[in-house]
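Taken together, the values in this text are just the output of simple stated rules run on the coordinates, not laboratory data. As the structure is a prediction and not an experimental result, all values here were calculated from the model. In this analysis, Cβ positions are derived from the backbone assuming ideal geometry, glycine residues included, and neighbour counts consider all displayed protein chains.
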Amino acid sequence: MAHHYSRAIILPFSAEDMFAVAADVKAYPRFLPWVQDMKVSDFPSETSDGPGVECSIAEANIGYKAVRERFVTRVRADRPKQRIMVQLVSGPFKSLGADWRFIPLAAGPRATGSRVEFSIEYRFRNPVLQALLAAAFEPIVTRIMDAFVAEAHRRYGKDGAAAKSLPGSAPAGA
């Protein structure tokens with residue numbers, strides 16, 4: 001059974017700023033918990049994705065408690081749509097897909113603030129690993145989201161209200 005988790009938060013940073021943090025996959029080992037190493041290479045798209053769309057292959061080595069794994073994903077960062085999609089290439093997952101959306105709260109040159117939506121659906125090949133991480137997945141995702149927010153504060157130096165989880169941001173079994 002695949003597991004699904006989604007979360008939406010309101011942040012004092014622009015959608016473009018948050019997109020830039022999430023799209024900077026090479027920097028993940030510096031600020032994301034459990035990401036020990038990351039190798040990223042450009043991946044030409046099979047179709048014309050258009051201007052402002054970058055595709056890459058990301059190979060991550062992660063560690064969480066006693067678990068050490070390596071997995072490879074295809075990352076499609078669509079700047080014009082302010083969306084990042086991640087698809088499994090190989091690794092301990094039977095399936096994995098993640099979707100980031102960055103939505104401006106207001107229009108205009110001085111607009112700040114955004115709604116960041118994150119969803120992930122995953123299923124591990126190993127049922128023991130699936131059971132172990134299923135119970136811990138919500139706190140893991142929360143900690144990862146917190147790391148992205150902290151990195152945005154570090155990069156952009158803005159003082160803003162704390163990130164707010166929105167109603168309906170919860171895990172769901174699928």
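Taking a ≥ b ≥ c as the square roots of the eigenvalues of the Cα gyration tensor of segment 52-109, is the shape rounded (a/c under 1.5), prolate (a/b larger than b/c) or oblate?
Note, shape of segment 52-109 comes out prolate.
Here's how it looks for PHE43: its modeled amide H is under 5 Å from those of CYS55, SER56, ILE57, which are all 5 or more places away or on a different chain. Fully extending the segment from GLU16 to ARG68 would add 15.4 nm, taking 0.36 nm per residue of separation and subtracting the current Cα-Cα distance. Between LYS81 and ILE103, the modelled labels are 1.5 nm apart [label points 7 Å from Cα along Cα→Cβ]. Segment TYR156..GLU138, full-extension length gain: 3.8 nm, with 0.36 nm per residue of separation and the alpha-carbon distance subtracted. A straight chain from ALA131 to SER6 at 0.36 nm per residue would run longer than the Cα-Cα distance by 43.1 nm. Given R0 = 30 Å, the distance between the Cβ atoms of ASN61 and ASP24 translates into a calculated FRET efficiency of 0.95.
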